[in-house]
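Okay, so here's the structure we're looking at.
The numbers here are math on the coordinates, done by the rules we state, and not lab data. These figures come from a predicted structure and were not determined experimentally.
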Amino acid sequence: MHRLFKAGLIGVAVIVVFELFPAVHAAQKGSENKGRYYFRQTCKECHTKGAVGGEITPLNKTMAEWRVYFAKGTHNHGKEPLAKYLPADQLLDASTFLVQHAADSPQPETCGK
Ligand code: HEC
């Protein structure tokens, strides 16, 4: 009985490690270059000067602000999910691009178009 309990605990620990680690890892990993492409292709359609969403570049927010924005995941004053415009994997790339080139990042970028 005692042994079984121990084995069970180890089993749970193994599952936790294997389930959580890739998730945590994936949450930090996105392709900056792909993200730049998706952002230009999709988001910029509405986010240039004079367009419906107004100009948006990585410089609009700080790294922390972009992280919060994508963690929240809503768009246009919270009216709709950001996922409406990009599937999850591409959204992750876009967020990586925006965070890496935010106003207070080591390499701020305007992503002009
Ligand atoms: C179909 C047009 C359209 C597309 C595509 C679009 N947006 Fe927007 N976005 C808007 C509009 C409209 C607003 C609200 C602008 C305002 O009120 O000044 C907005 C607002 C925003 C804001 C300001 C905060 C907020 O959400 O209210 C951010 C940041 C933003 N968009 C990022 C993005 C990103 C990132 C993408 C691509 C994944 C994207 N947008 C794609 C139209 C669009």
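For a test of the definition: using alpha carbon positions, the gyration tensor, and the 1.5 limit on a/c, classify the range 31-113 as rounded, prolate or oblate. Write down the numbers at each step before the final one.
On the way: a/c = 1.28, a/b = 1.12, b/c = 1.15.
Rounded, since a/c falls under 1.5.
Using a cut-off of 21 Å between alpha-carbon atoms, which lysines can reach K34, once sequence neighbours fewer than 8 places away in the same chain are excluded?
K34 reaches K44, K61, K84, K113.
If amide H atoms are built 1.01 Å from N in the plane of the peptide, which residues on other chains or at least 5 residues away come under 5 Å of the amide H of E109?
L59
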